[in-house]
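> My questions will all concern the structure given below.
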Amino acid sequence: MGKERTSLVQLQHVTFGYGRQPLFHDVSLRIDACEMVGLLGPNGSGKTTLLRLLSGILRPQQGTVCLAGRDLQAWGRRGAAQQIAVVPQELHVPFAFTAEHMVNLGRIPFISSFFGSLSKRDREIVQDAIDVTGVTPLAGRIFNELSGGERQRVMIAMALAQQPTLLLLDEPTSHLDIKYQIETLELVQQLNRKRGVTVVAAMHDLNLAARYFPRLLLFQRGIVADSGPAEVMEPRLLSRVYGVNVQVGILRGAEHISVLPPSNESVKDEHTEQHQPRVHVIAGGGSGELMMRALADAHIPFVAGALNIGDSDHTLALRLADDVITEQPYAPISPAALEQVRTSFAHAALLILCPVPIGPGNLALLQEAVVAAQHGLPVLLLTSSPGDTTGIASNLAETEGLLQCRCIATRDYTEGEGVKLVEKLLQTGASVVRSVGEAVNIANRHLV
């Protein structure tokens with residue numbers, strides 16, 4: 001049996017945003033001691049915000065951030081600074097500090113008073129940080145006059161002088177040439193492996209992230225994927241999150257993944273696929289998990305949405321669906337998203353409505369489904385379980401039975417508006433299916 005790992009950092013149901021709209025909602029995360037974790041995601045996805053929450057600079061609006069099993073705020077500023085070191089993208093110093101002076105600043109959390117001086121032990125720790133990071137040739141030079149790569153190395157030395165258990169880096173390789181990118185990440189990797197420093201870094205370069213970080217977290221206003229490079233660097237998933245088609249090649253294991261832009265032929269194929277008939281799935285709240293997995297296993301192309309970011313069905317659809325129509329967390333379906341839904345319905349061969357709760361936020365999807373069905377789009381109504389089929393209409397003459405059926409009524413939070421729309425779907429010829437397998441068989445027939 002392997003050695004049990006100790007949890008160093010825990011996010012428990014954390015919600016945070018800079019305005020009315022949350023940047024991410026109900027995020028839970030555990031990072032063990034000695035891990036090396038890379039944060040991926042497009043600009044604005046929440047990577048830097050997560051680092052600021054982990055450092056204590058920001059406080060969650062809901063939930064808690066814990067360090068070594070203790071609420072981070074309970075550590076206090078000095079206590080947190082003795083455990084956590086942060087390396088920002090840029091550091092502008094208004095004084096002509098030398099590189100050595102900068103590294104000395106790493107010991108400030110350990111000095112008893114503001115005007116105190118470094119002890120012999122402090123100076124030994126600073127010198128060790130300078131030696132380990134290779135800053136010795138730069139020690140006497142002015143920090144602001146160093147190159148970007150040299151400044152980055154000095155900032156890591158300053159962080160190391162704090163003797164942190166947790167090292168946070170915000171895009172440590174941005175604006176660096178390839179030489180300094182590799183040197184910086186090799187240094188960070190060395191600190192992790194030889195000194196046991198837990199590392200969490202927001203990364204911009206996907207190839208470098210795959211090469212140096214055994215665990216990757218992919219963000220899109222919440223955690224979309226959390227696994228090793230081979231699992232996270234999945235082309236369809238990256239394309240959904242970053243909004244651009246990519247190719248991923250594995251040369252020699254997970255440490256040698258290469259993310260490339262698509263060839264012209266791939267772009268052409270993708271463009272062609274967008275006009276091929278597909279299944280459209282309406283889901284949410286986990287109601288579409290089995291359906292989407294079954295469609296993917298059967299190699300049936302499908303579109304999912306509109307789905308709110310943070311919804312479990314949205315996270316799964318990013319991995320499995322050919323296209324995902326995305327809406328902001330806990331927001332009603334916007335006009336732009338509805339237009340995407342209409343376009344998808346126009347090219348769909350079949351619409352599958354999963355047993356999703358019906359509320360004011362997604363009622364518009366049912367309304368669009370009725371319009372599409374009236375224009376000839378075949379519709380399947382998937383029941384939530386075999387036991388829910390009691391009283392479901394088997395033909396149009398028995399539609400009234402559906403209105404009394406608990407499987408619809410108990411999921412309708414719109415004072416009956418949802419039930420009325422489902423009744424209209426049945427009147428246009430929608431079929432009730434009692435299993436995912438039955439739905440897949442029907443989907444196959446429609447795509448032949």
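The values are calculated or read from the model by the stated rules, or taken from the named source; none is laboratory data. Computed from a predicted model, the values in this text were never measured in an experiment. Cβ placement follows ideal geometry from the backbone for every residue including glycine, while neighbour counts extend to all protein chains displayed.
> Any chance you could count how many residues in region 94-135 are surrounded by 14 or more Cβ atoms within 10 Å (Cβ to Cβ) and of a type in the set (Phe, Trp, Tyr)?
2
> Anything in region 354-408 that is modelled with pLDDT under 50 and charged (D, E, K, R)? List them, or say none.
Matches in region 354-408: Asp388, Glu398, Glu400, Arg406.
> So is Ser344 closer than 20 Å to Asp26 by Cβ and either surrounded by 22 or more Cβ atoms within 10 Å (Cβ to Cβ) or in contact (Cβ under 8 Å) with a residue 12 or more places away in the chain (or both) or not?
It is false that Ser344 is closer than 20 Å to Asp26 by Cβ and either surrounded by 22 or more Cβ atoms within 10 Å (Cβ to Cβ) or in contact (Cβ under 8 Å) with a residue 12 or more places away in the chain (or both).
> Turning to a different aspect of this structure: Within region 307-326, is even one residue surrounded by fewer than 19 Cβ atoms within 10 Å (Cβ to Cβ) and either under 19 Å from Leu426 (Cα atoms) or in contact with a Ser or Thr (Cβ under 6 Å, 6 or more places away or on another chain) (or both)?
Within region 307-326, not a single residue is surrounded by fewer than 19 Cβ atoms within 10 Å (Cβ to Cβ) and either under 19 Å from Leu426 (Cα atoms) or in contact with a Ser or Thr (Cβ under 6 Å, 6 or more places away or on another chain) (or both).
> When only residues in region 139-184 that are among the basic types (Lys, Arg) and in contact with a helix residue (DSSP H, G or I) (Cβ under 6 Å, 6 or more places away or on another chain) count, which is modelled with the highest pLDDT?
Filtering first and then ranking leaves Arg141.
> Residues in region 176-183: is at least one closer than 22 Å to Ile31 by Cα, assigned by TED's automatic domain parsing to the domain that holds Thr48 and without any contact (Cβ under 8 Å) to a residue 60 or more places away in the chain?
Within region 176-183 (the criterion being closer than 22 Å to Ile31 by Cα, assigned by TED's automatic domain parsing to the domain that holds Thr48 and without any contact (Cβ under 8 Å) to a residue 60 or more places away in the chain), the answer is no, since none of the residues qualifies.
> Here is a follow-up. How about region 56-99: which of its residues are in contact (Cβ under 8 Å) with a residue 60 or more places away in the chain and over 18 Å from Leu169 (Cβ atoms)?
Within region 56-99, Ala68, Gly69, Gln82 qualify.
> Something else about it: Take Gln21 and decide whether it is in a loop (DSSP other than H, G, I, E, B), more than 19 Å from the chain's Cα centre (by Cα), assigned by TED's automatic domain parsing to the domain that holds Asp170 and touching a residue at least 40 places away in the same chain (Cβ under 8 Å).
No; evaluated as a whole, the condition is false for this residue.
> Can we say Val241 is outside the structural domain of Ser55 (by TED's automatic domain parsing), aliphatic (A, V, I, L, M), modelled with pLDDT of 85 or more and assigned to a helix (DSSP H, G or I)?
Taking the combined requirement at face value, the residue satisfies it.
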